[in-house]
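Have a look at the structure below, then the notes.
The values are calculated or read from the model by the stated rules, or taken from the named source; none is laboratory data. Worth saying up front: this structure is predicted, and the values here are computed from it rather than measured. FYI the Cβ positions are ideal-geometry reconstructions off the backbone, even for glycines, and counts take in every protein chain you see. All accessible areas refer to the heavy atoms of the entire protein, side chains included, with ligands and DNA or RNA removed. Shrake-Rupley method; radii C 1.70, N 1.55, O 1.52, S 1.80 Å.
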Amino acid sequence: MIPCVRKHVISIIKGDGIGPEVIEATEMVMGAVQQKFSLEFEKIYVEAGLETYKKYGTNLPESSLKLIRQSECLLKGPTTTLEESGSELGVPVKIRKIFDLYANLRPVRTLPRAKALHGNVDVLIVRENTEGMYSGIESEIAPGIGIGIRLSTEKGARRIFDLAFKKARDRRKMVALGHKANVLKVTDGIYKRVFEEVSKLYPDIRTSEEHIDALAMRVALSPQSYDVIVLENLYGDIISDLAAGIAGGLGLAPSANIGDKFAMFEPVHGSAPDIAGKKIANPIASILSFSMCLDWLGEREASKAVESSVIKTLEKGEMLTPDLGGNASTFDLAGAIAEEVLNL
Ligand code: NAD
Ligand code: IPM
Ligand code: MN
């Protein structure tokens, strides 16, 4: 009997720098998943990023958005963002806003072979993804004097806390909020007040609140003491790189940008210009982002298979990229993971 094939339409941005390398490596694992689980992925390639800007004068043309809208979800490689005053917002920030992808889930775990500063880390950072300083509303009101808008809404706070508490229910039932309401009394004050309100709806979850600076220290010293950490946008950006560094580096850190109707999956890391083109970038952050994508698509078995294949490959330790202490290439490591998927 011919097995029934389930089809998913996924748009793909390869991105800049190491983006095309880690995405092409991830596509090797996608191929193995297709074969093993009778799935079919229809891929829609989408232009976005610095190279696209050089070609069209914008990093995310309308034609790209149209293609993304034809897909169920987006797999994105890192894109380079210009820093000049007046330049466009970065591609991920734009997509998060346009598709209202309000939650950025950034799980951080110590994986086998990782050059981690602490063992047994298993934290889920839930980063608010559409508010804070990332509104992009900034101006130079007089020569040498810049101001920026830090957007903070009760609606934005409520929906991110609600999700963080729901996630904690499937984990170790703890949620920590990091804020700086002692200084940012209005903007972080709203988040603190709404956190306390939402926490009353989840009496089974233990909560804690810390000033973000103190939280950063505790994450560095005892990351094992956290389960879910919920943070506004900028704090979440910084603490997720910090936690990834503690657990063995950005090459291992995946993310899911989730909204009510659409989602984008991307590694936490950037385009890494220092190692681009050398085929030494670790593809695992991108491959685990694809695993999160499969989970979101309802393909739980395939998602778990990718995750366990990553772990098995690391445990074997035969194919490790330089950040993991080996000398394998991006594609050697991805090939070994794809092989594990097929051999499950
Ligand atoms: P980065 O994450 O690109 O690099 C930081 C360090 O981590 C570098 O030393 C790099 O070599 C290393 N690293 C990153 N990914 C790695 C991997 N897969 N394997 C091994 N080592 C890895 O951060 P950056 O240098 O601050 O940013 C570079 C560019 O990327 C900037 O233009 C920035 O705006 C952009 N960026 C994009 C995204 C995104 O598209 N989601 C995210 C972060 C940064
Ligand atoms: C991330 C990145 C982006 C962010 C940049 C590239 C705009 O650092 O996804 O963490 O700050 O959100
Ligand atoms: Mn970041």
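What does the net charge come to around residue 54 if you take all other residues with beta carbon closer than 13 Å to its beta carbon, with K and R at +1 and D and E at -1?
Details: positive: 55; negative: 16, 47, 51, 88.
Neighbourhood net charge equals -3.
Once the other residues with Cβ under 14 Å from the Cβ of residue 23 are scored (Lys, Arg +1; Asp, Glu -1), what is the net sum?
So the environment of residue 23 carries a net charge of -3.
Using a simple charge model, +1 on the beta-carbon of Lys and Arg, -1 on the beta-carbon of Asp and Glu, nothing else, what dipole does segment 116-247 show about its Cα centre, in debye to the nearest 20?
Details: 18 positive and 19 negative charges, 103 e Å.
I would put it at about 500 debye.
Which value, in debye to the nearest 20, gives the size of the charge dipole of the chain about its Cα centre, when Lys and Arg are +1 and Asp and Glu are -1 at the Cβ? Each step should come with its number before you reach the end.
Details: 42 positive and 46 negative charges, 161 e Å.
Once rounded to the nearest 20, the dipole reads 780 debye.
Determine the dipole magnitude for segment 202-291: charges of +1 sit on the beta-carbon of Lys and Arg, -1 on that of Asp and Glu, nothing else is charged, the reference point is the Cα centre, and the result goes in debye to the nearest 20. Provide the component values of the computation, followed by the final result.
On the way: 5 positive and 11 negative charges, 92 e Å.
Value, rounded to 20: 440 debye.
Per the 1.4 Å probe, what fraction of the accessible area of the chain, in percent, lies on carbon and sulfur atoms?
Solvent-exposed carbon and sulfur of the chain make up 55 percent of the total.
Classify segment 116-247 as rounded, prolate or oblate, taking a ≥ b ≥ c as the square roots of the eigenvalues of its Cα gyration tensor: rounded when a/c is under 1.5, otherwise prolate if a/b is larger than b/c and oblate if not.
Values: a/c = 2.26, a/b = 1.39, b/c = 1.62.
The shape class here is oblate.
Report residue 315's accessible area, 1.4 Å probe, all protein chains in place, as a number in Å² to the nearest 10.
100 Å²
Which order do you get for 115, 7, 97, 180 if you rank them by accessible area with a 1.4 Å probe, largest at the top?
115, 7, 97, 180
So what does residue 211 come to for accessible area, using a 1.4 Å probe and Å² rounded to 10?
80 Å²
Could you tell me the distance between the Cα centroids of segment 191-211 and segment 267-341, to the nearest Å?
35 Å
Per residue, what accessible area does the chain have, given a 1.4 Å probe and all protein chains present, in Å²?
45 Å²
Set the bar at 21 Å for Cα to Cα. Now go through 180/261; 55/97; 36/312; 14/94 and name every pair that lies beyond it.
Where the Cα-Cα span goes over 21 Å, the pairs concerned are 180/261; 55/97.
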